[in-house]
């Protein structure tokens, strides 16, 4: 029986896998949010032709399309960050930490205005805690293994 070659690649901690799964959960939530506002507006019905704006104001359809495009951009950006994260790129850790912080602030504001999305909040909290695990920070080069913590 042939022996397996030892990989020179560092084994990533389970937290990296948890973060990747949470990013996929957020991707699926954002993907749903792309299509959800369009159904009540009848965008997918044949023959529905309503204007997107009246003067300088958006119509309900215009607002729904703007919301959908925003969530589509967030979904695509999430996949790009996921690819960088799985390839253990430092920029993806930094971007994901900033994104998670901003998303948590937006979620808290939405919570106080009564538009709460607990799935997004829970995913962001899990990601924030997992990104701050020392092993994860060492793998991404945020923290060094020797010397004091900065």
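Bear in mind that the values in this text are calculations on the coordinates, not laboratory data. Computed from a prediction, not measured in an experiment: that's the story for all the values here. With ideal geometry, Cβ positions are generated from the backbone for all residues, glycine too; neighbour counts draw on all protein chains shown.
With a Förster radius of 30 Å applied to the C-beta separation of residue 39 and residue 95, the computed FRET efficiency comes to 0.45. Subtracting the Cα-Cα distance of residue 25 and residue 87 from 0.36 nm times their residue separation leaves 20.4 nm of extension gain. Given their separation in residues at 0.36 nm each and the Cα-Cα distance between them, residue 14 and residue 119 gain 35.7 nm when the chain is fully extended. Stretching residue 142 away from residue 66 to a fully extended chain increases their span by 23.7 nm, per 0.36 nm per residue minus the current alpha-carbon distance. Run the simple label-point estimate for residue 3 and residue 129 please: 7 Å along Cα→C-beta, distance reported in nm. In this crude label model, residue 3 to residue 129 measures out at 4.1 nm.
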